[in-house]
Amino acid sequence: MDSFTGFGVCLGDIYAARQRIAAIVRRTPLFESSALAGAQGGPVYLKAENLQETGSFKVRGAANRVLSLSAEERARGILAVSTGNHGRAVAFVARMLGIPATICVSKEAAPYKVAAMRELGAEILLHGDSYDEAAEYAVRLQQERGLTMIEPFDDPLVIAGQGTIGLELLEDLPGLRLAVVPLSGGGLIGGIALALKSADPSFRVVGVSQDRAPVMYHSLRAGHPVHLPEEPTLADALVGGLGVENHYTFPLVRQYVDDVVLVSETEIAAAMAFALEKQHLVVEGGGAVALAALLAGKVSTSGEKTAVVLSGGNVEVGKLVKVWQNS
Ligand SMILES: *Cc1c(COP(=O)(O)O)cnc(C)c1O
């Protein structure tokens, strides 16, 4: 499988990740959606990572990375930059393993998510008006304090951890042909695409981003990572750039992701309402973009067996109810 090893991660790393993180993460359920199947003319399954430990898939990659640290690195402590879900995942794993964790968040981060990280005992540092500013601050802090940075997506161990979702899909859905996956930095879709396409290169993998500052979408078009100013969106978990120097996820996504489509705020809201009403699932904006693309007719399944990843469910109930009332 030489063609699947050029990005710092291979299928074997994803299997190794699964063993390493098994005691910390959940194998999440898959729900067949009859409501979606009718509209798509074929079976559609929802992979419920909103029901994952910590409320998003991010704990898979974070656990794989943190469990691979040396004893000395663990003793010095770890650091993460986050819009919320990655920080919560890192704080959760750190608490389980008794490792001191520091999380840098921008002043734009959802207060609900910041509170969850604080409850897990992490030191929270609010700094900067954007994710990128919080990230710059974290790099300084990392050098001053000798902490190990746990990257949210651009790290082979993180990508391998997220790829364990791909293994679960392969095992639980024989005959699967298409996966539709939320996309920001590309760790989630990169890992899933690697797992699926190692098994069968004819799998289709489609990424979905919010239409407000979709950095990977524009980077793919430009042929290199670009920078965009952040914009407020219901999909707050998808906000942020590809990092100053992207090593892994940009080439991985460019190679293995067949298409990237964008969804509007109205379409994201409709998907959150659909998940709540028709599936009785609480899904946050960023977690609902792939579902939104299907509901809006922006991804054609051609009637083939399709999996839609619901990547997270961390949304304040009051906010979800407002979205539902306005939809
Ligand atoms: C982080 C996140 C994503 C995007 O994952 P990437 O690996 O950055 O592409 C999607 N959905 C949710 C809920 C997230 O927290």
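The values are calculated or read from the model by the stated rules, or taken from the named source; none is laboratory data. The structure displayed is predicted, hence computed values, not measured ones. Positions of Cβ are generated from backbone atoms using ideal geometry, with glycine treated the same way; all protein chains shown enter the neighbour counts. Accessible surface areas use protein heavy atoms only, side chains included; no ligands, DNA or RNA. Shrake-Rupley method; radii C 1.70, N 1.55, O 1.52, S 1.80 Å.
For the pair Ala199 and Asp129, how long in nm is the line joining their label points, each one 7 Å along Cα→Cβ?
Placing both labels 7 Å along Cα→Cβ, they lie 4.7 nm apart.
Which lysines have a Cα lying under 28 Å from the Cα of Lys322, excluding residues fewer than 8 positions away in the same chain?
Lys47, Lys58, Lys107, Lys113, Lys278, Lys298
Let me check something: with ligands and nucleic acids excluded, how do Arg140, Arg204 order by accessible area (1.4 Å probe), largest to smallest?
The most accessible residue leads, giving Arg140, Arg204.
Can you compute the charge dipole magnitude of the stretch 209-258 about its Cα centre, using +1 on each Lys and Arg Cβ and -1 on each Asp and Glu Cβ, nothing else charged? Give it in debye, rounded to the nearest 20.
180 debye
By Kyte-Doolittle mean hydropathy of at least -0.5 and Cα axial length of at least 15 Å, which whole DSSP H helices of the chain are selected?
Correct list, ordered by number: 11-21, 85-97, 156-172, 187-199, 265-279.
Can you put Arg26, Arg65, Arg212 in order of accessible area, largest first, using a 1.4 Å probe?
Arg26, Arg212, Arg65
Heavy-atom accessible area of Lys298 with all protein chains present, probe 1.4 Å, nearest 10 Å²?
80 Å²
For Arg76 and Lys319 in the same chain, what is the full-extension length gain: residue separation times 0.36 nm, less their Cα-Cα distance, in nm?
83.7 nm
Just the accessible area per residue of the chain, please: how many Å² with a 1.4 Å probe?
39 Å²
How much accessible surface does Glu123 have with a 1.4 Å probe, in Å² rounded to 10?
Looks like 80 Å² after rounding.
Points 7 angstrom from Cα along the Cβ direction at Ser327 and Arg118: gap in nanometres?
Placing both labels 7 Å beyond Cα along the Cβ direction yields 3.0 nm.
Just to confirm my numbers, what's the Cα centroid distance between the stretch 76-113 and the stretch 150-165 in Å?
16 Å
On alpha carbon coordinates alone, what is the Rg over Rh value for the chain, Rh being the Kirkwood radius?
Here the Rg-to-Rh quotient is 0.94.
Taking the Cβ of Ile99 as the center, what net charge do the other residues with Cβ under 11 Å away carry, scoring Lys and Arg +1 and Asp and Glu -1?
+2
Of Leu157, Leu238, which has the most accessible area with a 1.4 Å probe, and how do the rest follow in descending order?
Order by accessible area, largest first: Leu157, Leu238.
Report the net charge of residues surrounding Leu176, where surrounding means a beta-carbon distance below 13 angstrom and charges are Lys +1, Arg +1, Asp -1, Glu -1.
That sum, taken over residues with Cβ under 13 Å, equals -1.
Once label points are set 7 Å from the Cα along Cα→Cβ at both Glu304 and Arg26, what is their separation, rounded to one decimal in nm?
A separation of 3.0 nm, rounded to one decimal place.
With all protein chains present, how much of the accessible area of the stretch 127-267 (probe radius 1.4 Å) comes from carbon and sulfur, to the nearest whole percent?
49 percent
What percentages make up the Cα-Cα pair-distance distribution of the stretch 81-226 when the bins are 10 Å wide from 0?
Histogram of Cα-Cα distances, whole percents per bin: 11, 33, 34, 19, 4, 0.
Rounded to whole Å, give me the distance from the Cα center of the stretch 217-290 to that of the stretch 119-136.
With the stretch 217-290 and the stretch 119-136 each reduced to a Cα centre, they are spaced 21 Å.
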